[in-house]
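Taking it in order: structure first as C-alpha coordinates, then the write-up.
The values are calculated or read from the model by the stated rules, or taken from the named source; none is laboratory data. What you are looking at is a predicted structure, and each value in this text was computed from that prediction instead of being measured. Cβ atoms come from the backbone with ideal geometry, glycine included; neighbour counts cover every protein chain shown.
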(Lines give C-alpha, C1' and ligand atoms only; values in the text may rest on other atoms or scores of the structure.)
Protein backbone atom coordinates (compact mmCIF):
# COMPACT_ATOMS: atom_id res chain seq x y z
CA UNK A 1 0.00 0.00 0.00
CA UNK A 2 1.11 3.53 -0.57
CA UNK A 3 2.40 5.93 2.03
CA UNK A 4 -0.75 7.98 1.51
CA UNK A 5 -2.78 5.13 2.98
CA UNK A 6 -0.67 5.05 6.15
CA UNK A 7 -0.71 8.84 6.38
CA UNK A 8 -4.50 8.75 6.14
CA UNK A 9 -4.79 6.11 8.89
CA UNK A 10 -2.36 8.11 11.04
CA UNK A 11 -4.44 11.28 10.60
CA UNK A 12 -7.61 9.40 11.60
CA UNK A 13 -5.92 7.98 14.70
CA UNK A 14 -4.47 11.36 15.73
CA UNK A 15 -7.86 13.08 15.33
CA UNK A 16 -9.50 10.32 17.34
CA UNK A 17 -7.11 10.71 20.26
CA UNK A 18 -7.38 14.50 20.12
CA UNK A 19 -11.16 14.24 20.42
CA UNK A 20 -11.57 11.76 23.25
CA UNK A 21 -10.86 12.07 26.93
CA UNK A 22 -7.76 10.07 27.75
CA UNK A 23 -7.19 8.71 31.23
CA UNK A 24 -3.86 7.43 32.54
CA UNK A 25 -3.60 3.71 31.95
CA UNK A 26 -5.89 3.52 28.91
CA UNK A 27 -4.88 0.84 26.42
CA UNK A 28 -5.78 0.61 22.75
CA UNK A 29 -5.21 -2.08 20.14
CA UNK A 30 -5.25 -2.10 16.36
CA UNK A 31 -4.82 -5.43 14.62
CA UNK A 32 -3.57 -5.31 11.06
CA UNK A 33 -3.51 -8.13 8.53
CA UNK A 34 0.18 -8.13 7.60
CA UNK A 35 3.45 -7.39 9.39
CA UNK A 36 4.45 -4.99 6.60
CA UNK A 37 1.34 -2.92 7.38
CA UNK A 38 2.38 -2.70 11.03
CA UNK A 39 5.90 -1.62 10.08
CA UNK A 40 4.73 0.99 7.57
CA UNK A 41 2.07 2.49 9.83
CA UNK A 42 4.49 2.76 12.75
CA UNK A 43 7.09 4.38 10.50
CA UNK A 44 4.62 7.03 9.29
CA UNK A 45 3.39 7.71 12.84
CA UNK A 46 6.98 8.10 14.01
CA UNK A 47 7.33 11.05 11.60
CA UNK A 48 4.36 12.93 13.10
CA UNK A 49 4.98 16.32 14.73
CA UNK A 50 5.61 16.24 18.46
CA UNK A 51 6.82 12.64 18.66
CA UNK A 52 8.94 11.91 21.72
CA UNK A 53 11.29 8.99 22.28
CA UNK A 54 10.13 6.50 24.87
CA UNK A 55 12.30 3.94 26.65
CA UNK A 56 11.35 1.10 28.95
CA UNK A 57 13.82 -1.07 30.85
CA UNK A 58 12.39 -4.38 31.96
CA UNK A 59 14.34 -5.86 34.87
CA UNK A 60 14.87 -9.12 32.94
CA UNK A 61 15.73 -7.72 29.52
CA UNK A 62 17.16 -5.08 27.29
CA UNK A 63 15.92 -1.53 26.90
CA UNK A 64 12.82 -1.29 24.72
CA UNK A 65 12.82 1.84 22.58
CA UNK A 66 9.77 3.25 20.83
CA UNK A 67 8.03 6.63 20.71
CA UNK A 68 5.08 8.44 22.22
CA UNK A 69 2.66 11.10 21.05
CA UNK A 70 1.65 13.77 23.57
CA UNK A 71 -2.04 14.57 24.03
CA UNK A 72 -2.22 17.23 26.73
CA UNK A 73 -0.83 15.74 29.93
CA UNK A 74 -1.08 12.19 28.58
CA UNK A 75 1.54 10.44 26.48
CA UNK A 76 0.34 7.77 24.08
CA UNK A 77 3.09 5.17 23.76
CA UNK A 78 3.17 3.36 20.42
CA UNK A 79 4.12 -0.32 20.67
CA UNK A 80 4.16 -2.93 17.96
CA UNK A 81 5.11 -6.48 17.23
CA UNK A 82 8.16 -6.99 15.04
CA UNK A 83 10.86 -9.57 14.49
CA UNK A 84 12.44 -8.34 17.74
CA UNK A 85 9.29 -7.65 19.79
CA UNK A 86 6.99 -10.57 20.48
CA UNK A 87 3.38 -10.47 21.72
CA UNK A 88 4.38 -11.73 25.19
CA UNK A 89 6.48 -8.61 25.75
CA UNK A 90 3.60 -6.40 24.60
CA UNK A 91 1.35 -8.12 27.13
CA UNK A 92 3.88 -7.15 29.80
CA UNK A 93 3.81 -3.54 28.60
CA UNK A 94 0.02 -3.57 28.50
CA UNK A 95 -0.15 -4.72 32.11
CA UNK A 96 2.44 -2.19 33.27
CA UNK A 97 0.61 0.71 31.64
CA UNK A 98 -2.62 -0.39 33.31
CA UNK A 99 -0.93 -0.49 36.73
CA UNK A 100 1.21 2.64 36.48
CA UNK A 101 0.60 5.97 38.12
CA UNK A 102 2.13 8.11 35.37
CA UNK A 103 0.14 9.75 32.61
CA UNK A 104 0.77 7.04 30.04
CA UNK A 105 -1.51 5.27 27.60
CA UNK A 106 -0.50 2.70 25.04
CA UNK A 107 -1.56 1.94 21.49
CA UNK A 108 -0.59 -1.47 20.14
CA UNK A 109 -0.20 -2.41 16.50
CA UNK A 110 0.01 -6.12 15.80
CA UNK A 111 -0.95 -8.87 13.38
CA UNK A 112 -1.77 -11.06 16.39
CA UNK A 113 -4.19 -10.65 19.26
CA UNK A 114 -2.58 -10.16 22.66
CA UNK A 115 -3.51 -12.87 25.10
CA UNK A 116 -3.96 -12.46 28.82
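Observations on the model:
- The set of residues in region 11-43 that are free of Cβ contacts under 8 Å to residues at least 60 places away in the same chain, touching a helix residue (DSSP H, G or I) at 6+ places or on another chain (Cβ under 9 Å) and either over 18 Å from residue 111 (Cβ atoms) or not in a helix (DSSP H, G or I) (or both) contains only 14.
- Criterion: assigned to a helix (DSSP H, G or I), loosely packed, with under 10 Cβ neighbours inside 10 Å and free of Cβ contacts under 8 Å to residues at least 12 places away in the same chain - qualifying residue of 60, 4: 4
- Matching option when the condition is within 19 Å of residue 103 (Cβ to Cβ), under 13 Å from the mean Cα position of the chain (by Cα) and exposed (fewer than 10 other Cβ atoms within 10 Å of the Cβ), among 21, 53: 53
- Residue check for residue 67: crowded, with 17+ Cβ neighbours inside 10 Å, in contact with a strand residue (DSSP E or B) (Cβ under 8 Å, 6 or more places away or on another chain) and without any contact (Cβ under 8 Å) to a residue 24 or more places away in the chain: yes
- For region 9-18, filtering for residues that are farther than 14 Å from residue 32 by Cβ and surrounded by 12 or more Cβ atoms within 10 Å (Cβ to Cβ) leaves 3.
- Residue 94 meets each of the listed conditions (1) assigned to a helix (DSSP H, G or I); (2) surrounded by 11 or more Cβ atoms within 10 Å (Cβ to Cβ); (3) modelled with pLDDT of 75 or more apart from (3).
- Against the numbered list (1) closer than 15 Å to residue 69 by Cβ; (2) surrounded by 12 or more Cβ atoms within 10 Å (Cβ to Cβ), residue 38 comes up short only at (1).
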